[in-house]
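Heads up, the thing below is written out as structure tokens.
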Amino acid sequence: MGQGDRQKVWTPLLFSIVLVVGMVFGFNLRDTLRNKRDIGTAIERNDRLEEIIDLINEKYVDSVNSNLLYKDAISGILNPLDPHTVYIPAEELQGVNDDLEGGFSGIGVEFSIIRDTIRVTSVIENGPAGRAGVEIGDQLIKVGDSLVAGTAINSSRIVHLLKGKQHSNVYVTLKQVANGLPKLVSITRDVIPIYSVDAGLMLDSVTGFIKVNRFSATTYEEFTNALKKLVSVGAKQLILDLRDNPGGYLDAATNICDDFLDDKKLIVYTKGIHTLKSEFRANGNKGLFEQGKLIVLVDESSASASEIVAGAIQDWDRGVIIGRRTFGKGLVQEQYNLPDGAALRLTTAKYYTPSGRCIQRSFAKGRDAYMQDYEKRFENGELTGRDTMKQVDTTRYFTFKNRVVYGGGGIKPDVFVPYDTAKLSAPLLNLVYSQELKTATWDYFIRNKSKMHYKNIVDFNETFESEDQIIGTYLGLLKPADLVTARKVLANRESYRYFRLQVKAQIARFLFRDNGYYAIILRDDEVVQKALGVFSSGQYLKILGQ
């Protein structure tokens, strides 16, 4: 779906907050999660909490909100446990499950808020909206009887209005991009996929690239479809990008590993005090990519299922891990549904990589300290390369070819690439994600859409040369004080080059969706470029002891 209000300056603190949210909603879950066990089958009711809240309601000096009391009480109960045992309120559960199940019931459009109006930026091919005649550039005026324009509008409200029961109808009033005339259309909602594979493309004649943003119910199917296409056009080596991937379903991760590992190699095993040891192995059948060179990209936001994949590939010396130390989450949750529609995700086991290491970080100092780990890594220089990567656990484990690896703190990459503080500085990112740049790129696209006939993304990349024109429009939209700041940031040659590339990538996304965006942006991605260098040199074989 489209983006909401103007994104703020990216700082280490904001990265930490985003990471926390991603971890709460995306952490690795047992494959039994999809059966969502009823808590009533596992525990007997305890009336003490009910009695206390009833007494408060009847006798307390002021009126109270019982629901808030319950939530606070549950938080107190869970606080001494691990940071990944979480309570999910009923009103949030559906959205969380949609992400993991890989779909929801809606109309099949992506939108963006531009000049306080909702503009359709993408229409899913053969989706409900596409079949009803909705086009890219159309403006949403009403959804049902609800007006969806003005300064009070936000993305969450639009999503809520467009979602609904499968096969239900919703009437949408549009202002058509073709002629500016209003149009009332009836759209029958249907299941709309939430894609977990952002991109699958060739970086050169032999190198494929696949970006996975989470491990959902549909991830493996998406992954195999992308991998088959890449192999069919000549991919002999693969970069699997798991950066910023917070995890998800365990079986999605093990299925992907199965395509890389031969025989019946162990991928991961889980065990807990009340949970018997369970092993997950390759099935012994021929995988899609058991022989080609493989590089897995990770960073501090790669967690859980991402770490299962990286750990298995590293322990079997199947490929090279490049990037920064992963999050360090080696706990497994099961979901229990509560009678009021909420759910409890309870940690029931730990997972271990093939070499026997559990890469779960310590949470002995409490949840707050645990979640502030990103800031600490930034402050001590680990992310930026000012300091060497601290080894949190000195227990030695050994890969298949006797390389030493460690547990207890995340997967340490074979090749470290620092966080780029210049390119990803807060002032520059504030420009990249500004409402004004979004407006300038959109205006250019709508004005020129009918004239942009590119054969493919390669043709676009070689011939599109309107970045400076769009940047000029962008600068003209800024207020005087913001214009001074923007000019100061863009006076730096490298900052301007990166900003210009982002402009081109956004136009490519309008034309070719996410594959177009990544095809442009990866050309300036230092981690990807490092991976290509490792492939082309003798470093790949040297790291793996071949």
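What the table below lists for this structure:
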item: Mean Cβ count within 10 Å, highest first, over the residues of peptides 108-115, 272-279, 173-180; result: 108-115, 173-180, 272-279
item: Estimated translational D of the chain in µm²/s (Stokes, Kirkwood radius over Cα pairs; 37 °C; 0.692 mPa s); result: 129 µm²/s
item: Alpha-carbon centroid distance for the pair region 252-271 / region 342-371, whole angstrom; result: 20 Å
item: Theoretical ellipticity at 222 nm over the chain - DSSP helices of four or more residues, -39500 (n - 2.57) apiece, nearest 500; result: -11500 deg cm²/dmol
item: Thr117 versus Asp443: modelled label distance in nm, points set 7 Å from Cα along the beta carbon direction; result: 1.3 nm
item: Rough spin-label spacing in nm, given labels placed 7 Å along Cα→Cβ, for Leu147 and Leu511; result: 3.8 nm
item: Amide H contacts under 5 Å for Phe111, placed H, 5+ residues apart; result: Gly2, Thr121
item: Efficiency of FRET between Asn456 and Gln372 - r from beta-carbon atoms, R0 51 angstrom, step 0.05; result: 0.65
item: Alpha-carbon centroid distance for the pair region 454-498 / region 83-113, whole angstrom; result: 34 Å
item: Cα gyration tensor shape for region 259-383, rounded if a/c is under 1.5, else prolate or oblate; result: oblate
item: FRET E, pair Phe464, Asp54, Förster distance 51 Å, beta-carbon r, rounded to 0.05; result: 0.15
item: Backbone HN-Hα couplings from phi across region 129-139 [Karplus 6.51/-1.76/1.60, Hz, Gly and Pro as x]; result: 5, x, 5, 8, x, 6, 10, 4, x, 4, 9
item: Entries in Lys277/Lys329; Lys211/Lys293; Lys228/Lys293; Lys229/Lys449; Lys293/Lys350 that, when Cα-Cα distance is taken, lie over 20 Å; result: Lys229/Lys449; Lys293/Lys350
item: Signed unit charges on C-beta, dipole axis of region 154-308, positive-most listed residue Gly164, Leu297, Ile239; result: Gly164
item: Inter-label distance, nm, simple model (7 Å from Cα along the C-beta direction), Gln94/Lys271; result: 4.3 nm
item: Two-site FRET efficiency, Ser537 against Lys401, from Cβ-Cβ distance with R₀ of 25 Å, rounded to 0.05; result: 0.80
item: Computed lengthening from Asp340 to Ile77, 0.36 nm per intervening residue step minus Cα-Cα distance; result: 92.9 nm
item: Full-stretch length increase - Leu475, Asp262 - with 0.36 nm per residue and alpha-carbon distance subtracted; result: 71.2 nm
item: Dipole in debye (nearest 20) - the chain, about Cα centre, beta carbon charges: Lys, Arg +1; Asp, Glu -1; result: 1160 debye
item: Region 439-541: GluC sites (Glu not before Pro) in DSSP coil with no more than 16 other Cβ atoms inside 10 Å; result: Glu465
item: Least to most buried among Trp442, Trp316 (fewest other Cβ within 10 Å first); result: Trp442, Trp316
item: 5 angstrom amide H check on Asp241, placed H, neighbours 5+ away; result: Ile210, Lys211, Val212, Leu297
item: Placed amide H near Gly407: partners under 5 Å, 5+ positions off or other chain; result: Thr395
item: Sequence-distant lysines (8 or more away, or on other chains) whose Cα lies within less than 29 Å of Lys451; result: Lys175, Lys183, Lys438, Lys504
item: Cα gyration tensor shape of region 426-529, rounded if a/c is under 1.5, else prolate or oblate by comparing a/b with b/c; result: oblate
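Each value in this text was obtained by applying a stated rule to the coordinates, not by laboratory testing. What you see is a predicted model; the values in this text were computed from it and never measured. No Cβ is skipped: glycine too gets one built from the backbone with ideal geometry, and neighbour counts run over all protein chains shown.
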